[in-house]
């Protein structure tokens, strides 16, 4: 197993600061770099831009695009702080974490639907189009289910993989609707999340191409409780796509 040593550098990229992580393989000495940038994207259904963070390999084409959503108490900052953006980029992916409307650094943006109600499927479709993410792997914890599930149901041709983490709104769709989805899914939840985790699992299990990862000792935001296990599960899933 390669144990990389990391060196953090900060470079000015155009008008944005670019964080570059040099990853040096102890066995080969080869260097690989990850670019992390910030930006904003405007979609028609919002009255203000949406903030995003992005990490990708500094050289070469990304092998997959991943869109990271978040829960009501969180933002794209969490995916940065626990290392998910970097882990995905080091695995060769382009990873984009947005701040959902009304949250994080997208507070000025008005949500296209009330909290807890399924949003129009066109919202995430437009986000992906504007960011050039297609087909995309969608990572969707908690609140973000109100956005990801309508998108999955109506635009599955644009979705390469789906990673729901105890999302809301799973009860808004029928077993027949779930059964019609052909997208591979990785259902993740913490075994201490005995409410939304179990409810969402029961509904999402109607997806025909799903696998389940239960994170032991973890609560609702299970990825925060054990980032290493979280990254291992997601990266393993991506290898199957």
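The values are calculated or read from the model by the stated rules, or taken from the named source; none is laboratory data. Small disclaimer: the values here were computed from a predicted structure and weren't measured. Note: ideal-geometry Cβ built from the backbone for every residue, glycine included; neighbour counts use all protein chains shown.
A quick yes/no check of all residues on (1) in a helix (DSSP H, G or I); (2) surrounded by 21 or more Cβ atoms within 10 Å (Cβ to Cβ); (3) out of contact with any strand residue (DSSP E or B) (no Cβ under 7 Å at 6 or more places or on another chain):
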position	(1), (2), (3)
87	yes, yes, yes
96	no, yes, no
110	no, no, yes
115	no, no, yes
118	no, no, yes
123	yes, yes, yes
127	yes, yes, no
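Could you look through the range 203-230, keep only residues that are touching a residue at least 24 places away in the same chain (Cβ under 8 Å), part of a helix (DSSP H, G or I) and out of contact with any strand residue (DSSP E or B) (no Cβ under 8 Å at 6 or more places or on another chain), and pick out the one that is farthest from residue 172 (Cα to Cα)?
Among them, the one singled out is 227.
Identify all residues within the range 146-163 that are more than 21 Å from residue 113 (Cα to Cα) and touching a helix residue (DSSP H, G or I) at 6+ places or on another chain (Cβ under 7 Å); write none if there are none.
Across the range 146-163, the qualifying residues are 158, 159, 161, 162, 163.
Residues checked against (1) modelled with pLDDT of 95 or more; (2) farther than 19 Å from residue 95 by Cβ; (3) in contact with a helix residue (DSSP H, G or I) (Cβ under 6 Å, 6 or more places away or on another chain):
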residue: 165; (1), (2), (3): yes, no, no
residue: 175; (1), (2), (3): yes, yes, no
residue: 195; (1), (2), (3): no, yes, no
residue: 200; (1), (2), (3): yes, yes, yes
residue: 205; (1), (2), (3): yes, yes, no
residue: 210; (1), (2), (3): yes, yes, no
residue: 228; (1), (2), (3): yes, no, no
residue: 237; (1), (2), (3): yes, no, no
residue: 241; (1), (2), (3): yes, no, no
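On the basis of being more than 15 Å from residue 140 (Cα to Cα), at pLDDT 95 or above and assigned to a loop (DSSP other than H, G, I, E, B), does residue 102 make the cut? Let's see the steps before the verdict.
On the way: more than 15 Å from residue 140 (Cα to Cα): yes; at pLDDT 95 or above: yes; assigned to a loop (DSSP other than H, G, I, E, B): yes.
Taking the combined requirement at face value, the residue satisfies it.
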